[in-house]
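Structure first, then comments.
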Amino acid sequence: MWRKEVWEWIRNSGTICSTLTGRGNTAFASETAAAIGKTKQDINRAVSRAEKIAPDVLAEVSGTDHDKGVELDALKRLSPDEQRQALQSFLKVTFRRERQSFNVIRRVSFVTGVN
């Protein structure tokens, strides 16, 4: 999101620059896609998710098992309060899964005698 804000600030600052006018004037998604080697659609999806998901929810989900496009797209369709409720459900499921994995590892190590 930060990159888009900087891009918009440069475009709207009123600065006259030959690279910002004429035929070469492209949209944020096109420029970013070209710069990082992704498609314009990928950039637009990422921007849409960043704009529609509450910042606190996005921060909590980032880096978890739920930081996937399909789950982020589902979150962005919800209101901010519903997003927070969904996040709590995500975290409960993740905690349950991790606890089950830990219990399996503990049982295996007990049976085999390996710590």
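Computed from the coordinates by the stated procedures, all read-outs in this text should not be read as laboratory data. Keep in mind it's a predicted model, so treat the numbers as computed, not measured. All Cβ positions, even for glycine, are placed from backbone atoms using ideal geometry, and neighbour counts span all protein chains on display.
Going through the cross-link list K4/K68; K38/K76; K4/K40, which pairs have a Cα-Cα distance over 18 Å in this structure? Walk me through the numbers on the way to the answer.
Working: K4/K68 21 Å; K38/K76 21 Å; K4/K40 13 Å.
Check vs 18 Å cut-off fails for K4/K68; K38/K76.
Fewest first, what order do S30, S79 take by the number of other Cβ atoms within 10 Å? Walk me through the numbers on the way to the answer.
Details: S30 13, S79 9.
Placing the least packed residue first, the sequence is S79, S30.
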